[in-house]
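Undergrad: This is the structure, below, for whatever I ask next.
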Amino acid sequence: MDLKKPFDIDKDQYLDDLAFLVLRLGLGFGMLFGHGWGKLLKLFGDEPIQFMNFLGIGATASLALVVFSEVVCSIAIILGVFTRWACFFLIFTMCVAVFMVHFGDPFVKVEKGFLYLVGYMALFFAGAGWYSLDARLGRSH
């Protein structure tokens, strides 16, 4: 690859797809190990579950939904399978985190959730890119 190439103004699908891969891997692994894994251990641990009941369905069910979103959907994003559906659930989860859990907090506490939200929205609109199982299975990428 020519060193000047990343700065060209010509459209290069290879670089776009590589950017989607980097975004998927960064968001997926960051959410999975930075947030989801701890909640998964909490869900299956021996301690009583104390968690925000954001849908009025109980703390355990709410935590289970967040674990689904942060663990299962993150793995789907890493693999690039059902990417838009996975992003949909993660966007919902990040909206709850940003606009309900941390509403009124200083921006420094909201910033991480906001950045995840923006990244998931970008993937939702753009798709997984060529380097994904969605592309290999012939689904929209």
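Undergrad: Just to be sure, is A128 crowded, with 18+ Cβ neighbours inside 10 Å, in contact with a His (Cβ under 8 Å, 6 or more places away or on another chain) and within 26 Å of Q13 (Cβ to Cβ)?
TA: Details: crowded, with 18+ Cβ neighbours inside 10 Å: yes; in contact with a His (Cβ under 8 Å, 6 or more places away or on another chain): yes; within 26 Å of Q13 (Cβ to Cβ): yes.
So A128 fits the description; yes.
Yes or no, residue by residue, for (1) surrounded by fewer than 17 Cβ atoms within 10 Å (Cβ to Cβ); (2) charged (D, E, K, R); (3) at pLDDT below 95; (4) not in a helix (DSSP H, G or I):
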residue	(1), (2), (3), (4)
G56	yes, no, yes, yes
A76	no, no, no, no
F99	yes, no, yes, no
G138	yes, no, yes, yes
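Undergrad: Taking the conditions exactly as written (out of contact with any Asp or Glu (no Cβ under 6 Å at 6 or more places or on another chain) and within 18 Å of G129 (Cα to Cα)), does G58 satisfy them or not? Lay out the reasoning, then the answer.
TA: On the way: out of contact with any Asp or Glu (no Cβ under 6 Å at 6 or more places or on another chain): yes; within 18 Å of G129 (Cα to Cα): no.
Spelling it out, it is not the case that G58 is out of contact with any Asp or Glu (no Cβ under 6 Å at 6 or more places or on another chain) and within 18 Å of G129 (Cα to Cα).
Undergrad: Which residues, counting only those in the range 31-54, are surrounded by fewer than 14 Cβ atoms within 10 Å (Cβ to Cβ) and either in contact with a strand residue (DSSP E or B) (Cβ under 8 Å, 6 or more places away or on another chain) or not in a helix (DSSP H, G or I) (or both)? Walk me through how you get there before you give the answer.
TA: First pass over the range 31-54, keeping only residues surrounded by fewer than 14 Cβ atoms within 10 Å (Cβ to Cβ): 33-34, 38, 41, 44-48, 50, 52-53.
If the condition is that a residue be surrounded by fewer than 14 Cβ atoms within 10 Å (Cβ to Cβ) and either in contact with a strand residue (DSSP E or B) (Cβ under 8 Å, 6 or more places away or on another chain) or not in a helix (DSSP H, G or I) (or both), then F44, G45, D46, E47, P48, Q50, M52, N53 are the ones that fit.
The values are calculated or read from the model by the stated rules, or taken from the named source; none is laboratory data. As the structure is a computational prediction, the values presented were derived from the model and not from experiment. Here the Cβ is made from the backbone with ideal geometry for all residues, glycine too, and neighbour counts use every protein chain on show.
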